[in-house]
Amino acid sequence: MKTVKYIILALVLMLTVSFLVSGCNQQQGHKVRLIEVTHSIFYAPQYVAIHEGYFKEEGIDIELSTGEGADKVMTAVLADQADIGFMGPEAAIYVYNEGREDYAQIFAQLTQTDGSFLMGREEEPDFKWENLRGKTIIGGRKGGVPLMTLEYVLKKHGLIPGEDVEVLTNIQFALMAGAFTGGTGDYVTLFEPVASTLENEGAGYVVASVGVAAGNIPYTAYTAKKSFIEKNKDLIQRFTNAIYMGQQFVKDRSPEEIAKAIQPAFPDSDLDLLTQVVQRYKDQDSWATNPILKEEDFNHLQDIMEMAGELDKRASYEELINNEFAENAVK
């Protein structure tokens, strides 16, 4: 009888330990619903943070979805369909300027240049922006940073959209490459890996970098409702820590190492293509080395938005940008 009793006690003890371990593991994995504006190699530090296990180290399980547009991402955040939105800061500026009490704050920056490339139908090794005079460009969604940045660059080179060059704004972001290969327009602005894929297929040629031409701007950043940030400060800090580790990985590693790290996020892209794209973004210094969003870069973004006629009044840097978590991560 004693033997049976000891066996039962041992089984109860084993089950109790198993339950406790299981409970601890569940507590370590706080699920975060993250929605990104699009799925692009341009966001390499984010995918490094996911697939190198930096979020896991911070006790976070990422549930990633794609919104295909900053407007859709912001809608998901405001409707509590996502915890954190990853998009251009312009969406947060629009919401803030509407006077919404529980507006979306930006707490971490990922990229510091425009990530799109201008593609033409022929190779132009001596490309000049003047070459676009009288041409048609598929430019993106009206009110979005990609279009506004393109128009800023055109104006900087003496080309007025609608007068000197036609810029199409009625084609959805996800359909721009298909429209171009289908014969629409003389040029198109595309993100990677779509741009390099078309180039490798001979369907188009990268002639210029919009990011290089426009200069530093906080192109994509992480946003959450002010109330969510206030209630989940520890979670936001851990999330930002993971992003910073991803940024440091990308800063310190070779294009080949970065490509291998993010390959699980792009299973349909071969390693050579990923390396080619990473090299292109690394060469133009597209990735911020830390998540702190600088005031001068934020002001430059608002300059671009004003020039595009999309900004009625300037948003407050102090109220819209919350650098507390980014600064702590860097420390």
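Collect the residues in the stretch 256-272 that are surrounded by 19 or more Cβ atoms within 10 Å (Cβ to Cβ) and farther than 16 Å from His51 by Cβ, keeping them in residue-number order.
none
Looking at (1) buried (at least 24 other Cβ atoms within 10 Å of the Cβ); (2) small (Gly, Ala, Ser); (3) assigned to a helix (DSSP H, G or I); (4) touching a Gly at 6+ places or on another chain (Cβ under 8 Å), which is the only condition Gly115 fails?
Condition not satisfied by Gly115: (3).
Answer with yes or no whether Lys155 is of a type in the set (Lys, Arg) and in contact with a strand residue (DSSP E or B) (Cβ under 8 Å, 6 or more places away or on another chain).
Details: of a type in the set (Lys, Arg): yes; in contact with a strand residue (DSSP E or B) (Cβ under 8 Å, 6 or more places away or on another chain): yes.
The answer is yes for Lys155.
What's the total number of residues in the stretch 57-81 that are crowded, with 24+ Cβ neighbours inside 10 Å and farther than 25 Å from Asn170 by Cβ? Even if it seems obvious, please write down each step before you answer.
Initial filter on the stretch 57-81 (crowded, with 24+ Cβ neighbours inside 10 Å): 70, 73-74, 77.
After this cut, where a residue has to be farther than 25 Å from Asn170 by Cβ as well, the list is 77.
Residues that pass the stated criteria total 1.
Tally up the residues in the stretch 62-104 that are charged (D, E, K, R) and in contact with a strand residue (DSSP E or B) (Cβ under 9 Å, 6 or more places away or on another chain), please.
Going residue by residue through the stretch 62-104, those that are charged (D, E, K, R) are 63, 68, 71-72, 80, 83, 90, 98, 100-102.
Filter once more, so that each one left must be in contact with a strand residue (DSSP E or B) (Cβ under 9 Å, 6 or more places away or on another chain): 63, 71-72, 80, 83, 102.
So the answer is 6.
Consider the stretch 34-67. How many of its residues are over 13 Å from Ala108 (Cβ atoms) and assigned to a strand (DSSP E or B)?
Summing the residues that are over 13 Å from Ala108 (Cβ atoms) and assigned to a strand (DSSP E or B) in the stretch 34-67 gives 9.
Condition (residue is assigned by TED's automatic domain parsing to the domain that holds Ala44, out of contact with any strand residue (DSSP E or B) (no Cβ under 6 Å at 6 or more places or on another chain) and without any contact (Cβ under 8 Å) to a residue 40 or more places away in the chain) applied to the stretch 105-121: is it met by at least one residue?
No.
With the structure loaded, tell me whether Ala179 is surrounded by fewer than 21 Cβ atoms within 10 Å (Cβ to Cβ) and either touching an Asp or Glu at 6+ places or on another chain (Cβ under 7 Å) or in contact (Cβ under 8 Å) with a residue 12 or more places away in the chain (or both) or whether it fails that test. So that I can check it myself, show each step before the final result.
Working: surrounded by fewer than 21 Cβ atoms within 10 Å (Cβ to Cβ): yes; either touching an Asp or Glu at 6+ places or on another chain (Cβ under 7 Å) or in contact (Cβ under 8 Å) with a residue 12 or more places away in the chain (or both): yes.
The answer is yes for Ala179.
State yes or no: is Pro291 out of contact with any helix residue (DSSP H, G or I) (no Cβ under 9 Å at 6 or more places or on another chain) and closer than 28 Å to Phe117 by Cα? Before the answer, list the steps.
Details: out of contact with any helix residue (DSSP H, G or I) (no Cβ under 9 Å at 6 or more places or on another chain): no; closer than 28 Å to Phe117 by Cα: yes.
It is false that Pro291 is out of contact with any helix residue (DSSP H, G or I) (no Cβ under 9 Å at 6 or more places or on another chain) and closer than 28 Å to Phe117 by Cα.
Being within 22 Å of Asn241 (Cα to Cα) and more than 17 Å from the chain's Cα centre (by Cα): is that true of Leu293 here? Spell out the reasoning first.
Working: within 22 Å of Asn241 (Cα to Cα): yes; more than 17 Å from the chain's Cα centre (by Cα): no.
Against the criterion (within 22 Å of Asn241 (Cα to Cα) and more than 17 Å from the chain's Cα centre (by Cα)), Leu293 does not qualify.
Just one of Tyr222, Tyr205, Tyr187 is surrounded by fewer than 20 Cβ atoms within 10 Å (Cβ to Cβ) and in contact with a strand residue (DSSP E or B) (Cβ under 6 Å, 6 or more places away or on another chain); which is it?
Numbers: Tyr222 fails: surrounded by fewer than 20 Cβ atoms within 10 Å (Cβ to Cβ); Tyr187 fails: surrounded by fewer than 20 Cβ atoms within 10 Å (Cβ to Cβ).
None of the others qualify; the one that does is Tyr205.
Restrict the check to the stretch 241-248 and report whether at least one residue is hydrophobic (A, V, I, L, M, F, W, C), closer than 17 Å to Tyr47 by Cα, touching a residue at least 24 places away in the same chain (Cβ under 8 Å) and touching an Asp or Glu at 6+ places or on another chain (Cβ under 6 Å). Walk me through how you get there before you give the answer.
The first filter runs over the stretch 241-248 and keeps only residues hydrophobic (A, V, I, L, M, F, W, C), leaving 242-243, 245.
Add one more test, that the residue is closer than 17 Å to Tyr47 by Cα, and what stays is 242-243, 245.
Then keep just the ones that are touching a residue at least 24 places away in the same chain (Cβ under 8 Å); that gives 242-243, 245.
Then keep just the ones that are touching an Asp or Glu at 6+ places or on another chain (Cβ under 6 Å); that gives 242.
Yes: one or more hits.
With more than 17 Å from Ser40 (Cβ to Cβ) and in contact (Cβ under 8 Å) with a residue 60 or more places away in the chain as the only criterion, which of Lys135, Lys155, Lys128 stands out?
Lys155
Pick from the stretch 128-158 the residues that are assigned to a loop (DSSP other than H, G, I, E, B) and surrounded by 21 or more Cβ atoms within 10 Å (Cβ to Cβ): which of them is modelled with the highest pLDDT? Can you show your working first?
Applying the first criterion (assigned to a loop (DSSP other than H, G, I, E, B)) to the stretch 128-158 yields 128, 133-135, 139-144, 157-158.
Applying the additional criterion that residues be surrounded by 21 or more Cβ atoms within 10 Å (Cβ to Cβ) yields 139-140, 144.
Working: Gly139: 95, Gly140: 87, Gly144: 81.
The selected residue is Gly139.
Of all residues in the stretch 258-283, count the ones that are acidic (Asp, Glu), part of a helix (DSSP H, G or I) and over 25 Å from Asn216 (Cβ atoms). Spell out the reasoning first.
First pass over the stretch 258-283, keeping only residues acidic (Asp, Glu): 268, 270, 272, 283.
Filter once more, keeping what is part of a helix (DSSP H, G or I): 272, 283.
Next cut, over 25 Å from Asn216 (Cβ atoms) only: 272.
Of the residues in the stretch 258-283, 1 are acidic (Asp, Glu), part of a helix (DSSP H, G or I) and over 25 Å from Asn216 (Cβ atoms).
The values are calculated or read from the model by the stated rules, or taken from the named source; none is laboratory data. What you see is a predicted model; the values in this text were computed from it and never measured. Cβ sites come from the backbone with ideal geometry, for glycine too, and all protein chains shown count toward neighbours.
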